[in-house]
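A short worksheet on the structure shown next.
The values are calculated or read from the model by the stated rules, or taken from the named source; none is laboratory data. Here the structure is a predicted model, which means the values were calculated and not measured. Because the Cβ atoms are built from the backbone with ideal geometry, glycine has one as well, and the counts that use them run over all protein chains shown. The protein model used for the area step is the full one, side chains on, heavy atoms only, and it has no ligands, DNA or RNA in it. Shrake-Rupley method; radii C 1.70, N 1.55, O 1.52, S 1.80 Å.
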Amino acid sequence: MEQKTGKLYMINGPVVKADNTSSFMMHEVVRVGKIGLIGEIISLEDDRATIQIYEETTGLKIGEPVRSSGKLLSVMLGPGMIGNVYDGIQRPLEVLRNRSGDFLKRGVEVLPIDFKHEWDTEILIKDGDTVKPGQIIATVDETSSFTHRIMIPPGVSGTVNNVRTSGRYTVDTVIAEIDDGGDKYNLTMFQNWPVRTPRPYKKRLAVDEPLITGQRVIDTFFPLNKGGAACIPGGFGTGKTILQHQFAKWSDADVIVYIGCGERGNEMTEVLEEFPELKDPRNGKPLMERTILIANTSNMPVSAREASIYTGVTIAEYFRDMGYHVAVMADSTSRWAEALREISGRLEEMPAEEGFPPYLSSRLADFYERAGKVSALGNESLGSVSIIGAVSPPGGDFSEPVTTHTKRFTRCFWALDKSLANARHYPAINWLTSYSENIGDVKEWYSKTVSRDFFKLRNEALALLNEDDRLQQIIKLVGEDVLPDDQKLTVRAASLIKIGFLQQNSYSKVDCFASLNKQYKMLKIMLVFYEKARELISLGVAISEILKGSILNTLMRMKEEVSNDNVEKITAIGKELESFCMALKKKYSGKPDNM
Amino acid sequence: MPVKEYIGLSKIDGPLIFIKKVKNISYNEVVEITYKGSSRFGQVVMLSNDTAVIQVFQGTEGLSIDKTSIRFLGRPLEIKLSEDILGRTFNGIGMPIDEGSRIIRGEYRDINGEPINPASRMYPRNYIETGVSAIDLLMTVVRGQKLPIFSGNGLPHNRLAVQITRQARIKGEERGRFAIVFAAMGIKHDSARYILSSFEESGALKNVVTFLNLADDPTIERIATPRVALTAAEYLAFEKGMHVLVIMTDMTNYCEALRELSTARGEVPSRKGYPGYLYSDLASMYERAGMIKGKKGSITQLPILSMPNDDITHPIPDLTGYITEGQIVLDRDLYRKGVYPPINILLSLSRLMKDSIGEGYTRLDHPHVYSQLFAAYSRVHEVRALASIIGEEELIDLDKMYMKFGKAFEEEFITQGEDENRAMEETLDIAWKVLGYLPKEELTRISRDEIERFYNKRED
Ligand SMILES: Nc1ncnc2c1ncn2[C@@H]1O[C@H](COP(=O)(O)OP(=O)(O)OP(=O)(O)O)[C@@H](O)[C@H]1O
Ligand SMILES: Nc1ncnc2c1ncn2[C@@H]1O[C@H](COP(=O)(O)OP(=O)(O)O)[C@@H](O)[C@H]1O
Ligand SMILES: [Mg+2]
Ligand SMILES: [Mg+2]
């Protein structure tokens, strides 16, 4: 490859300019300065280039060289990614640590995946086969619970020769040669893909299946589709990160890509320490065996933060193409937007709203559009990428640009509420302002998988909460005492839903994850309670009588006292509820019947 | 490396100076600026062709275009470190200003430090008992945490910081190799004196390293002060194995200096004129707290900042809260009511406490009591709002109980003396006493067993 060299003539933080660059490519990776900092070309004009640098630029000098690499900013995809923690441009942090110690040094070049490890590879093709892009030609059991499917890279096809037999190979072993009639292509177990280009697929499919998260307020009230996108806006301390961690732990995706984009170092450490210990509820394997972390924390270079979400989503698409369901968490997209703003400012571009560049909205759209459910290229299997982006609005004010634009491109909006968080009502998702536009798509799935009346119950509960909100306005002015008993009951029943159902403590061993069956049974019995109590009140039973019994307390504590593998206990509670109501009814009317 | 010297500037603009026709200058390098025999320091903040833009830490007042000489020192801003810094006082860019000598032996360190590799971090799990009930129970401080105090002018943040510093201890462990790094940015002489004299009284002064940039010291120097201090802290913690508590006050003054500099550089401002990179800039300091695998020491940060107009949504507290691992918020209304420490419980938070409390750490009931107190106290606020409309007598019985609970919570639990050092057990017991005003059916966040064990109805 020819080596082209430019020369630095301006240095301004993470943005530098060089001339003599007319043969450089847009978005090409370059090595800057004598120490070889990694950068990417972000604009080209005549023979001058603007470069964003992924490392600290202290010490660079005017006149130092800028070397071309001939490659676009890309990720390396192949066995060995699972369980890793990368920086924003896919440098493995463990390797960096072994190489250069506990603090990040500059100009270090490392491979994203281990080229020395030999994988037990099962080869699925033989000499003479014709292969097409996306076709699965080998498998590797990458972890005890995850099978990596080796695919023909997009754009490659032809007849295979010199195919190796199944055996132990490193990722760079040529396992076959592909002849497309002209050129020969050496097929290895890894491929590169430029991060800013979405990977191709055969067809986009309708999203009709929820991503089950084990979080009641999400699964029951505001579900997200596999292949959908969601937005979690919230001021500091409202619970965005904890919620994202919950998704990473419990959601029923095959692969998790967690992007710590400009947030805290300790939050990444927490995942790194905790996930190997936690078991996937579906197969009992350590959660780390399906997780990839991208950690570009707030104190790491901002340009790499800008790149991190593309790195993450490209990795996710690669697993999607194997036919897996992948969930991507990005915490926080606001920090990504700020990186965009900072770089734009250094370029002296005209700002739009609040200093953000005018292309903020289109960049957000491009990112969230990479979510989707597809039939994959070459192998027809079904795969999806779901994206859940946290948004950190300044001052917790949702009218700012990142929140408003993100809202346009996502169909789930989980609004975190400061006052709920202050009262330690977690998850602090506001049930009145949050929404999911996916309900219509997943209705049938819930009917089939859980129960026919699932959404009927959900809607009843939402109506109850809405009615409660109306009553709360009155209570604020005149107190609860003046309400008639039936309205008092509404307030109490809503409070039961809020405390007993919506609140879910992530740190509770029993309640951190609730199976759909548990969610359904809990909601059902709570609404049965409401219905029966309403009937009692219409018979003249005083509300104090209803509240006096221990049944309400039992219902409130059900989430902690009934575990996922013992949901039958709720049936017993149902019996208790029935006899309690029966007794009251008897007392008041003197004649029992079946109510 | 040969030192390059130039005479004459092309432009002076606010805190910035411009020099043309320079060669071989590196980005961020330090320069010494001499004019009429006295010198000051600056740093290269932009390079374009043959022009260097330099920010002058001591301001540009009194410099002239033709006679100012500039020496490029060929290195970033550094501080010389050894254990001899303990007990010493430095100015805002790390030069000794007490009677002591220069630091003679020692190693130079770039004040910007390097980011800790996230894979090298160790998750902090050792809680620090501060002896302050509100903090220990409701926003437990953990060694290696960054936990700021959000305050306002005239609120007793300094007293609280001093009390925490004096009383802080790790259970079952010697105070050990402990150091305090104190960084003052633009605070008044009397506040600095108050803090330093309290260290002196407690006999800790020989373990304190002080960096002073006071209200009448050069503004731009403040940009360097917290970085110099944190570089010293990193040295003591990660090379000398000490547990370091860093007190930085007042971060608001730091941010204002940064705004001034950004405006002078003609950058596009974000909210309230602060630069768009304020978040990243603050993070580059706050993220220097923590612990590292295989290393003995730790850095715990207790930054203090005043919220302009007591507004927690102001960019400075807002962006700080997005980076730090919680916050302790002081409240003017409570202070007026005579509550010390006037901590606004509902707005305060410690994000790291969850793994450091409960059975085996504090006491098994701690997590649930914590959650219950928040729930109950936030209910108190609703009830008080209602009572102010309909009158307290009109409240239903349950709400009256909440009123009683709220009062006791503020007067018995939050309130304590400046020298009162409560043990964790005592704090938890007071919490139960206060909860005794509520019927036990209300304690839905506490398990039945714990209620059985600790709850006593209170009749007074
Ligand atoms: N030397 C001291 N001895 C006892 N209490 C003090 C001392 N100095 C300050 N305080 C107490 O601390 C409180 C805050 O003092 P401080 O000097 O920080 O106020 P301030 O300067 O108005 O606030 P700010 O630092 O936000 O500008 C005062 O109200 C006072 O009660
Ligand atoms: N579901 C939850 N269960 C229990 N505690 C929670 C939950 N969500 C948030 N919290 C609490 O709130 C704190 C802040 O949450 P975090 O996710 O870090 O907020 P954000 O990312 O929005 O700033 C956490 O440290 C934790 O104490
Ligand atoms: Mg967060
Ligand atoms: Mg003061």
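Just one of A:198, A:223, A:210 is modelled with pLDDT of 95 or more, surrounded by fewer than 20 Cβ atoms within 10 Å (Cβ to Cβ) and within 30 Å of residue A:443 (Cβ to Cβ); which is it? Let's see the steps before the verdict.
Working: A:223 fails: surrounded by fewer than 20 Cβ atoms within 10 Å (Cβ to Cβ); A:210 fails: surrounded by fewer than 20 Cβ atoms within 10 Å (Cβ to Cβ).
After applying the criteria, what remains is A:198.
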Point to revise | Some residue of the stretch A:374-395 being away from ligand 4 (no atom under 16 Å from the Cβ), assigned to a strand (DSSP E or B), in contact with a Pro (Cβ under 7 Å, 6 or more places away or on another chain) and more than 30 Å from residue A:138 (Cα to Cα) | key: yes
Point to revise | Positions within the stretch A:268-320 being within 16 Å of ligand 2 (Cβ to nearest atom) and in a helix (DSSP H, G or I), in sequence order | key: A:268, A:269, A:270, A:271, A:273, A:274
Practice item. Would you mention how many residues in the stretch B:312-333 are within 16 Å of ligand 4 (Cβ to nearest atom) and without any contact (Cβ under 8 Å) to a residue 12 or more places away in the chain? Key: 0
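Restricting the stretch B:140-151 to residues that are touching a Phe, Trp or Tyr at 6+ places or on another chain (Cβ under 9 Å) and either closer than 21 Å to residue B:322 by Cβ or assigned to a strand (DSSP E or B) (or both), which is nearest to ligand 4 (Cβ to nearest atom)?
Pass one, the stretch B:140-151, residues touching a Phe, Trp or Tyr at 6+ places or on another chain (Cβ under 9 Å): B:140-144, B:146, B:148.
Subset that is either closer than 21 Å to residue B:322 by Cβ or assigned to a strand (DSSP E or B) (or both): B:140-142, B:144, B:146, B:148.
Working: B:140: 27, B:141: 22, B:142: 27, B:144: 27, B:146: 21, B:148: 15 Å.
Across the stretch B:140-151, the extreme among qualifying residues is B:148.
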Study note, to complete from the structure: Those residues of the stretch A:78-95 which are surrounded by 21 or more Cβ atoms within 10 Å (Cβ to Cβ) and touching a Lys or Arg at 6+ places or on another chain (Cβ under 9 Å) amount to A:88
Exercise for review: Confirm whether residue B:183 is more than 14 Å from chain A (Cβ to nearest Cβ), touching a helix residue (DSSP H, G or I) at 6+ places or on another chain (Cβ under 6 Å) and either farther than 20 Å from residue B:346 by Cα or within 16 Å of ligand 1 (Cβ to nearest atom) (or both).
Suggested key: yes
Study note, to complete from the structure: Checked the stretch A:319-350 for anything surrounded by fewer than 24 Cβ atoms within 10 Å (Cβ to Cβ) and farther than 22 Å from residue A:10 by Cα; matches are A:322, A:323, A:324, A:325
Check your understanding: Would you call residue B:158 touching a residue at least 24 places away in the same chain (Cβ under 8 Å), within 16 Å of ligand 4 (Cβ to nearest atom) and surrounded by fewer than 24 Cβ atoms within 10 Å (Cβ to Cβ)?
Key -> yes
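Go through the stretch B:352-391 residue by residue and tally those that are without any contact (Cβ under 8 Å) to a residue 60 or more places away in the chain and at the interface with chain A (Cβ under 10 Å from one of its Cβ atoms).
Step one: filter the stretch B:352-391 for residues without any contact (Cβ under 8 Å) to a residue 60 or more places away in the chain, giving B:354, B:358-360, B:367, B:377-391.
Next cut, at the interface with chain A (Cβ under 10 Å from one of its Cβ atoms) only: B:354, B:358, B:367, B:377-379, B:381-383, B:385-387, B:389-391.
Within the stretch B:352-391, residues that are without any contact (Cβ under 8 Å) to a residue 60 or more places away in the chain and at the interface with chain A (Cβ under 10 Å from one of its Cβ atoms) number 15.
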Exercise for review: Give just the number: which of (1) in a loop (DSSP other than H, G, I, E, B); (2) more than 16 Å from ligand 3 (Cβ to nearest atom); (3) touching a helix residue (DSSP H, G or I) at 6+ places or on another chain (Cβ under 9 Å) does residue A:219 not satisfy?
Suggested key: (1)
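In the stretch A:32-70, which residues are of a type in the set (A, V, I, L, M, F, W, C) and open to solvent by 30 Å² or more (accessible area, probe 1.4 Å)? It would help to see each step written out before you state the result.
Of all residues in the stretch A:32-70, those of a type in the set (A, V, I, L, M, F, W, C) come to A:32, A:35, A:37-38, A:41-42, A:44, A:49, A:51, A:53, A:60, A:62, A:66.
If the condition is that a residue be of a type in the set (A, V, I, L, M, F, W, C) and open to solvent by 30 Å² or more (accessible area, probe 1.4 Å), then A:35, A:42, A:44, A:62 are the ones that fit.
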Exercise for review: Scan A:260, A:265, A:228, A:235 and give me the residue that is within 28 Å of residue A:497 (Cβ to Cβ) and either within 12 Å of chain B (Cβ to nearest Cβ) or within 14 Å of ligand 2 (Cβ to nearest atom) (or both).
Suggested key: A:235
Revision key, fill the gap. Taking the stretch B:237-272 and the residues there that are within 11 Å of another protein chain (Cβ to nearest Cβ), open to solvent by 20 Å² or more (accessible area, probe 1.4 Å) and of a type in the set (Gly, Ala, Ser), the one that is nearest to ligand 3 (Cβ to nearest atom) would be B:270
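Counting just the residues of the stretch A:26-59 that are among the aliphatic types (A, V, I, L, M) and over 32 Å from the mean Cα position of the chain (by Cα), which one comes out farthest from residue B:281 (Cα to Cα)?
Just the residues of the stretch A:26-59 that are among the aliphatic types (A, V, I, L, M), to begin with: A:26, A:29-30, A:32, A:35, A:37-38, A:41-42, A:44, A:49, A:51, A:53.
Adding the requirement that they be over 32 Å from the mean Cα position of the chain (by Cα) leaves A:32, A:35, A:44, A:49.
On the way: A:32: 23, A:35: 24, A:44: 29, A:49: 26 Å.
So, considering only residues that are among the aliphatic types (A, V, I, L, M) and over 32 Å from the mean Cα position of the chain (by Cα), the one farthest from residue B:281 (Cα to Cα) is A:44.
If you take the residues in the stretch A:245-257 that are within 23 Å of residue B:350 (Cβ to Cβ) and more than 14 Å from every other protein chain (Cβ to nearest Cβ), which one is least open to solvent (accessible area, probe 1.4 Å)?
Taking the stretch A:245-257 and keeping what is within 23 Å of residue B:350 (Cβ to Cβ), we get A:245-246, A:248-249.
With the extra rule that they be more than 14 Å from every other protein chain (Cβ to nearest Cβ), the set shrinks to A:248-249.
Details: A:248: 1, A:249: 20 Å².
That would be A:248.
Wholly within the stretch B:1-102, which strands (runs of 3 or more DSSP E) include no fewer than the required count, namely at least 3 residues that are of a type outside the set (D, E, K, R) and within 26 Å of the chain's Cα centre (by Cα)?
Values: elements: B:4-7, B:11-13, B:16-19, B:30-35, B:38-48, B:51-56, B:69-72, B:78-81, B:89-91.
Of the strands (runs of 3 or more DSSP E) lying wholly inside the stretch B:1-102, those with at least 3 residues that are of a type outside the set (D, E, K, R) and within 26 Å of the chain's Cα centre (by Cα) span B:89-91.
Can you spot a residue in the stretch B:438-446 that is assigned to a helix (DSSP H, G or I), more than 14 Å from chain A (Cβ to nearest Cβ) and in contact with a Lys or Arg (Cβ under 8 Å, 6 or more places away or on another chain)?
Step one: filter the stretch B:438-446 for residues assigned to a helix (DSSP H, G or I), giving B:440-442.
Filter once more, so that each one left must be more than 14 Å from chain A (Cβ to nearest Cβ): none.
So far as the stretch B:438-446 goes, no, none of its residues is assigned to a helix (DSSP H, G or I), more than 14 Å from chain A (Cβ to nearest Cβ) and in contact with a Lys or Arg (Cβ under 8 Å, 6 or more places away or on another chain).
Listed residues A:370, A:363; which is touching a helix residue (DSSP H, G or I) at 6+ places or on another chain (Cβ under 7 Å), open to solvent by less than 20 Å² (accessible area, probe 1.4 Å) and among the basic types (Lys, Arg)?
Values: A:363 fails: open to solvent by less than 20 Å² (accessible area, probe 1.4 Å).
On inspection, the qualifying residue turns out to be A:370.
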